[in-house]
1. Return one number: the angle in degrees, 0 to 90 and rounded to the nearest 10, between the long axis of the Cα atoms of helix 193-205 and the longest principal axis of the Cα atoms of the chain.
2. Going by C-beta contacts inside 10 Å, put 108, 61, 241 in order with the fewest on the left.
3. Please express the shape of the stretch 1-100 as an equivalent ellipsoid: the semi-axes are the square roots of 5 times the eigenvalues of the C-alpha gyration tensor, given largest first in whole angstrom.
4. What are the radius of gyration and Dmax of the stretch 5-61, computed over its Cα atoms and given in Å?
5. Once you have all Cα-Cα distances for the stretch 125-243, histogram them in 5 Å bins from zero and send the whole-percent values.
6. Would you calculate a helix-derived [θ] at 222 nm for the chain, using -39,500 (n - 2.57) for each DSSP H run of n ≥ 4 and dividing by the full residue count, to the nearest 500?
7. Give me 87, 18, 183, 162 sorted ascending by neighbouring Cβ count inside 10 Å, so fewest comes first.
8. Once you have the Kirkwood Rh of the chain from its Cα pairs, apply Stokes-Einstein at 37 °C and 0.692 mPa s and quote D in µm²/s.
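Bear in mind these aren't lab numbers, they're just calculated from the coordinates by the rules spelled out. Values in this document were obtained by computation on a predicted structure and should not be read as measured data. Cβ: placed from backbone, ideal geometry, glycine included. Neighbour counts: every protein chain shown.
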């Protein structure tokens, strides 16, 4: 199923009056809506907007969207853009229109934000062991059969916490999980094949979780663009593809 977002809720943001609650905006803009400020062609720097300030050019956005969509289409891969970077439902709606199949987020609070705009396909690139967050997620999944979320696990203890909390919450739907495979020198993930196997087996045995694959993160070494650095990334990504299926036949 394609990812969806509540277009009415997104469109309403353009007509929401701005005031002191909007960080860094000039007081002259208070009482105006984003649509009015944009239509007036105001220069935010001359108007006194306080940095850090991100200005998006329509031509650049359109070009980036089409370029990324074409790259994914040509290679037969799906795109779940990192929504935590912009936290803008308006931009995510355009990414969905261009073919993105989900949004990738880092925290449960970010999931809540996008759920407020009806986003129904989420990759939570983290191990969710926050008990309050797990209870909220269980209720959200049970209330909306069209809502799909997959998160990462990288420890047996994390699997145990998730399973126990979801069971106590009376969750009716399983939470989809991917085992995160760590990259040598990286930040997170299972270290070594034995750890990957142990976490995968624990997730597969859990009645509250559904093991759906493996995941990884290579960008922690993105600063290293040498041939050796790129070789390490290639080897790591190849290792994700070649991991054997840990589930019993």
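1. Computed tilt is about 80 degrees.
2. On the way: 108 20, 61 13, 241 7.
Neighbour counts put them in this order, fewest first: 241, 61, 108.
3. On the way: eigenvalues 180, 47, 26 Å².
Semi-axes, largest first: 30, 15, 11 Å.
4. Using the Cα atoms of the stretch 5-61, the pair Rg, Dmax is 12.2, 34 Å.
5. 2, 12, 21, 20, 16, 11, 9, 5, 3, 1, 0
6. Values: 10 runs with 107 residues, N = 249.
Calculated mean residue ellipticity at 222 nm is -13000 deg cm²/dmol.
7. Fewest to most other Cβ atoms nearby, the residues stand as 87, 18, 183, 162.
8. Details: Rh = 20.5 Å.
Using the Kirkwood radius from Cα pairs, D works out to 160 µm²/s.
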